[in-house]
1. Has segment 231-243 got at least one residue that is more than 24 Å from Asp58 (Cα to Cα), out of contact with any helix residue (DSSP H, G or I) (no Cβ under 7 Å at 6 or more places or on another chain) and of a type outside the set (Lys, Arg)?
2. When segment 121-139 is examined, which residues are found to be over 18 Å from the mean Cα position of the chain (by Cα) and not small (Gly, Ala, Ser)?
3. So the check is Cβ under 9 Å with 6+ separation or different chains; which pairs have a first residue in segment 79-93 that's more than 18 Å from Val54 (Cβ to Cβ) and a second one that's at pLDDT 95 or above and of a type in the set (S, T, N, Q)?
4. Inside segment 221-255, can you point out the residues that are touching a residue at least 60 places away in the same chain (Cβ under 8 Å), touching a Lys or Arg at 6+ places or on another chain (Cβ under 7 Å) and either surrounded by 18 or more Cβ atoms within 10 Å (Cβ to Cβ) or more than 16 Å from Ala165 (Cβ to Cβ) (or both)?
5. Go through (1) surrounded by fewer than 14 Cβ atoms within 10 Å (Cβ to Cβ); (2) at pLDDT below 95; (3) under 24 Å from Gln78 (Cβ atoms) one by one and return the number of the condition His218 breaks.
6. When you go through Val50, Val69, Val31 one by one, which is the residue that is surrounded by 20 or more Cβ atoms within 10 Å (Cβ to Cβ), among the hydrophobic types (A, V, I, L, M, F, W, C), farther than 23 Å from Arg228 by Cβ and free of Cβ contacts under 8 Å to residues at least 40 places away in the same chain?
7. Provide a single number: the residues in segment 174-187 that are in contact (Cβ under 8 Å) with a residue 24 or more places away in the chain and surrounded by 21 or more Cβ atoms within 10 Å (Cβ to Cβ).
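The values are calculated or read from the model by the stated rules, or taken from the named source; none is laboratory data. All of these numbers come straight from a predicted model, not from anything done at the bench. Reconstructed Cβ throughout: ideal geometry from the backbone, glycine too, with neighbour counts over all protein chains shown.
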Amino acid sequence: MTSPIIIIGMGELGELFARGLLKLGCPVVPVLRGTDMDALARAIPSPALVLVAVGENDLHPLLSGLPPVWRPRLALLQNELLPRDWQAHGLSDPTVIVVWFDKKKGRLFVPVLPTPVAGPQAALIRESLDIIDVPCWEIPRGELLYEMVRKNLYILTINIAGLRAGGTVRQLWRDHRALAAAVAAEILDIQTSLTQQALPRDRLMAGMLEGFLGDPEHICTGRSAPERLQRARRHARAAGLATPTLDAIAADLGP
């Protein structure tokens with residue numbers, strides 16, 4: 001491969017993907033804070049891939065300002081991602097990576113489940129993860145929505161229920177199962193509203209539990225958990241959904 005790969009955002013995930021791509025022999029060009037993307041797009045108008053590895057809060061501003069020549073080459077990997085996020089920017093067929101490994105600064109990655117990837121550059125992404133021993137598999141486009149919602153259900157349930165219960169995923173399901181199930185039910189209501197279609201709730205719950213078994217010692221909460229709770233509640237209010245469990249957890253946290 002001779003065309004460069006652009007990586008926007010060089011945090012833990014961006015660095016990990018860069019390592020895999022470089023080991024494949026792909027030239028990688030990072031976009032850092034302060035990088036003039038328009039100037040870079042003039043210099044590299046036809047990259048093989050533009051991997052957007054920014055956080056959830058930065059995704060929409062980034063997509064709004066993305067150079068037009070890069071739009072057909074996008075790959076996205078954010079948590080809480082749904083088709084509405086890229087469709088809002090007129091994007092129709094990005095490569096999507098549903099990340100199921102945990103990577104924190106100064107620590108090796110921890111695979112929870114194999115990471116599904118779909119889209120035009122799915123094979124390249126799979127190869128870049130395979131070469132650094134991150135489990136990954138290509139999925140048909142028709143399975144992508146299930147996989148995105150399953151990951152959303154997992155991360156939102158453990159983060160939000162964990163604000164009250166604390167501890168690990170194993171402890172959450174063993175000692176606070178009613179709480180976790182109630183949070184998950186409300187998250188599924190919100191995801192149904194956001195996707196505007198019926199979702200396979202039983203299959204999604206079973207898929208979430210596969211994630212619990214994949215890394216039982218995973219800590220439930222992180223610094224993003226309160227923000228995830230508030231974002232979920234905003235989505236619920238906009239859709240007119242009742243979320244008594246989420247509201248009670250928010251009340252526990254105070255103003």
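1. Checked segment 231-243: at least one residue is more than 24 Å from Asp58 (Cα to Cα), out of contact with any helix residue (DSSP H, G or I) (no Cβ under 7 Å at 6 or more places or on another chain) and of a type outside the set (Lys, Arg).
2. Scanning segment 121-139 gives Leu124, Glu127, Asp130, Ile131, Ile132, Asp133.
3. Pairs that qualify, where the first residue is more than 18 Å from Val54 (Cβ to Cβ) and the partner is at pLDDT 95 or above and of a type in the set (S, T, N, Q), are Pro83/Thr195.
4. Within segment 221-255, Leu246, Ile249 qualify.
5. (1)
6. The unique qualifying residue is Val31.
7. Residues that pass the stated criteria total 4.
This table checks each residue for (1) surrounded by fewer than 20 Cβ atoms within 10 Å (Cβ to Cβ); (2) assigned by TED's automatic domain parsing to the domain that holds Gly11; (3) over 20 Å from His60 (Cβ atoms).
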position	(1), (2), (3)
Leu81	no, yes, no
Trp86	no, yes, no
Leu91	yes, yes, no
Val96	no, yes, no
Ala118	no, yes, yes
Ala122	no, yes, yes
Ser128	no, yes, yes
Val134	no, yes, yes
